[in-house]
1. Of these, C160, C171, which one is in contact with a strand residue (DSSP E or B) (Cβ under 8 Å, 6 or more places away or on another chain), open to solvent by 20 Å² or more (accessible area, probe 1.4 Å) and among the hydrophobic types (A, V, I, L, M, F, W, C)?
2. Quick check on my filter: what residues within the stretch 102-120 are within 16 Å of Y178 (Cα to Cα) and in contact (Cβ under 8 Å) with a residue 40 or more places away in the chain?
3. Could you tell me whether any residue of the stretch 125-145 is of a type in the set (V, I, T), in contact with a strand residue (DSSP E or B) (Cβ under 6 Å, 6 or more places away or on another chain), in a strand (DSSP E or B) and open to solvent by less than 40 Å² (accessible area, probe 1.4 Å)?
4. Within the stretch 179-196, can you find the residues that are part of a helix (DSSP H, G or I) and touching a Pro at 6+ places or on another chain (Cβ under 8 Å)?
5. Could you list all residues from the stretch 203-219 that are open to solvent by less than 10 Å² (accessible area, probe 1.4 Å) and within 12 Å of the chain's Cα centre (by Cα)?
6. Scan the stretch 202-232 for residues that are touching a strand residue (DSSP E or B) at 6+ places or on another chain (Cβ under 7 Å), farther than 21 Å from H88 by Cα and not in a loop (DSSP other than H, G, I, E, B) and report the count.
7. Quick one: count up the residues across the stretch 153-178 that are in a helix (DSSP H, G or I), in contact with a Pro (Cβ under 8 Å, 6 or more places away or on another chain) and among the hydrophobic types (A, V, I, L, M, F, W, C).
8. Checking the condition in contact with a helix residue (DSSP H, G or I) (Cβ under 9 Å, 6 or more places away or on another chain), hydrophobic (A, V, I, L, M, F, W, C) and not in a strand (DSSP E or B), which residue from A244, A199, A254, A273 passes?
Amino acid sequence: AAAATAAAAAAACAAPALQSQLRAFSAPSPSSGFGGGGAAAAEDDGVAPRVSFRERVASLMGRRGSEWDLCAPVEGATCQCVGTAALHTWTGDWAMLRHTNGSIRCTSDAFGEDPRPHFAKVCSCFAGPRWPLEVVDGLNETIARNLVARIEVGPPGAGCDPASDGAWLLCAVMSTRYDASVIPDRYLPMLPPAEQADAALRKLDVCHRMAGGRQAIRILGVLPAKQARASLVPVMATKASMCAVVYEPGTGIAWEGREAVFCPTTPPQCLPACECADASHKRINVRAGKDDDTECWACVPAEEATGEVAPPPDGPMETKVSVSV
């Protein structure tokens, strides 16, 4: 209940970065007073000059090259966008977000919700790379294992090997829901899988833009952190259940994933199918002997394992295993 309350509180917070960008995008000029830009540039009498609707549209259409580009000037039009599309009001004080690899209708039906009925809306696009199906499938597999996609940026040539761990830095960008509200990564598994994948793709867009195409990007599939600060701690590839390099300068986008899925080393956290990253550890079924007879595996040092230890995944699995914790 506490986690759900915290998640709801986090979801109620608007994404300030997106809103400030949309406000700046919606402002026709620094002196117009429209979209938040007129307060500092008001005339001496304190009254901002009036701007016609036609002038606003013309100005918006001319602001190509900004982070958010207008892709549909009227509601109901088609937004041509590879990246993150936003359905929002003219003042940019609210938005619904979707990732798209081509086009999306600029309607509340296409974006899933309309918290601002009776307000005219337009659509904008935050351009990103065209993430191929293999990346989408990799993210879906990560999400299906109840793991959080941790996005990291590193130098060209860095990979999922332990020697590269020190080269990677967390892409510290907050995740956002469909309604642009911020949600801590540890609460992402509470969302529907489709919304989790969409949030991950939109976060990839931002991280790729920040890296400028000159840095590599990898995704680690990690268990949700129990505390916010824990998500900022560096994670070694061998401690992450899944790892894949999704962007490499010079070669482009691909899902260069590690074949092995590593078991958690902190029971009772476990995964249905995995193997030990450390050869000296033993794989144990955390749920053995409990009412839930489904297999769920973790790896612990041999001296901590009690009962019958399971063989590697390619051999016959035993379920009569317990662990001292």
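1. Numbers: C171 fails: open to solvent by 20 Å² or more (accessible area, probe 1.4 Å).
The match here is C160.
2. The first filter runs over the stretch 102-120 and keeps only residues within 16 Å of Y178 (Cα to Cα), leaving 104-116.
Within the stretch 102-120, F111, G112, E113, P115 meet the criteria.
3. Here is the first cut: in the stretch 125-145, the residues of a type in the set (V, I, T) are 135-136, 142-143.
From what is left, the residues that are in contact with a strand residue (DSSP E or B) (Cβ under 6 Å, 6 or more places away or on another chain) are 135, 142.
Next cut, in a strand (DSSP E or B) only: none.
So far as the stretch 125-145 goes, no, none of its residues is of a type in the set (V, I, T), in contact with a strand residue (DSSP E or B) (Cβ under 6 Å, 6 or more places away or on another chain), in a strand (DSSP E or B) and open to solvent by less than 40 Å² (accessible area, probe 1.4 Å).
4. Just the residues of the stretch 179-196 that are part of a helix (DSSP H, G or I), to begin with: 185-190, 193-196.
Once the filter is applied, which keeps residues that are part of a helix (DSSP H, G or I) and touching a Pro at 6+ places or on another chain (Cβ under 8 Å), the stretch 179-196 yields D185, R186, Y187, L188, P189, Q196.
5. L204, D205, C207, I219
6. Here is the first cut: in the stretch 202-232, the ones touching a strand residue (DSSP E or B) at 6+ places or on another chain (Cβ under 7 Å) are 202-205, 207-208, 211, 215-222, 224, 232.
Adding the requirement that they be farther than 21 Å from H88 by Cα leaves 204, 207-208, 211, 215-222, 224, 232.
Then drop every residue that is not not in a loop (DSSP other than H, G, I, E, B), which leaves 204, 207-208, 211, 216-222, 232.
Summing the residues that are touching a strand residue (DSSP E or B) at 6+ places or on another chain (Cβ under 7 Å), farther than 21 Å from H88 by Cα and not in a loop (DSSP other than H, G, I, E, B) in the stretch 202-232 gives 12.
7. The total comes to 1.
8. Values: A244 fails: not in a strand (DSSP E or B); A254 fails: not in a strand (DSSP E or B); A273 fails: in contact with a helix residue (DSSP H, G or I) (Cβ under 9 Å, 6 or more places away or on another chain).
A199 is the lone residue from the list that is in contact with a helix residue (DSSP H, G or I) (Cβ under 9 Å, 6 or more places away or on another chain), hydrophobic (A, V, I, L, M, F, W, C) and not in a strand (DSSP E or B).
The values are calculated or read from the model by the stated rules, or taken from the named source; none is laboratory data. Please read all numbers here as calculations on a predicted model, not as lab measurements. Cβ atoms come from the backbone with ideal geometry, glycine included; neighbour counts cover every protein chain shown. Surface areas here come from the heavy atoms of the whole protein model, side chains and all, with no ligands, DNA or RNA. Shrake-Rupley method; radii C 1.70, N 1.55, O 1.52, S 1.80 Å.
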